[in-house]
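Here's the structure, in structure tokens; my notes come after.
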Amino acid sequence: VFFHNALPFVGFGFLDNAIMIAAGTQIELSIGVVLGISTMAGKNCQRQNRLFLFSCSSSLAGYVEALASRLGLSIPDLTPKQADMWQTRLSAHLGKAIGVTIGCILGMFPLLFFGEEEEKLEEKN
């Protein structure tokens, strides 16, 4: 039950964080440069765009679950009584929480590519 819930959430957390970082940074840089707004105003624009970006990444959740089932992740064969046990529900929630945490950590990989761009921007100013 834990792995059945954790694996799709690793994929979802990865996609969500990678999309948020990559697209959010580009939105902030493009709007901030064009409008000449401050960093704080750019951060506010980025926060408002997170709703749009989150809806994009959450639409990918179905594809992540389909991929997990193709990889052989089968639904646990539980009786209704077993599925209603507190241990089963706890395992499911822990799997989702730990899965999305691991996915978000892995999804921070776009940050590895932003260091050079920020240094170039600082040199120009």
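Show PHE109, PHE114, PHE9 ordered by accessible area, largest first, where the area counts protein heavy atoms only and the probe is 1.4 Å. Can you show the working numbers first?
Working: PHE109 90, PHE114 25, PHE9 65 Å².
Ranked list, largest accessible area first: PHE109, PHE9, PHE114.
By per-residue mean of other Cβ atoms within 10 Å, what is the highest-first order of 14-24, 93-103, 77-87?
Numbers: 14-24: 19.5, 93-103: 17.2, 77-87: 9.4.
Peptide ranking by packing, descending: 14-24, 93-103, 77-87.
Assuming R0 = 30 Å, can you tell me the calculated FRET efficiency for the pair ASP84 and LEU60, based on Cβ-Cβ distance, to the nearest 0.05? Let's see the in-between values first.
On the way: r = 30 Å, r/R0 = 1.01.
Plugging the Cβ-Cβ distance into 1/(1 + (r/R0)^6) gives 0.50.
The values are calculated or read from the model by the stated rules, or taken from the named source; none is laboratory data. Worth saying up front: this structure is predicted, and the values here are computed from it rather than measured. Note: ideal-geometry Cβ built from the backbone for every residue, glycine included; neighbour counts use all protein chains shown. Calculation scope for accessible area: heavy atoms of the full protein, side chains included, ligands and nucleic acids excluded. Shrake-Rupley method; radii C 1.70, N 1.55, O 1.52, S 1.80 Å.
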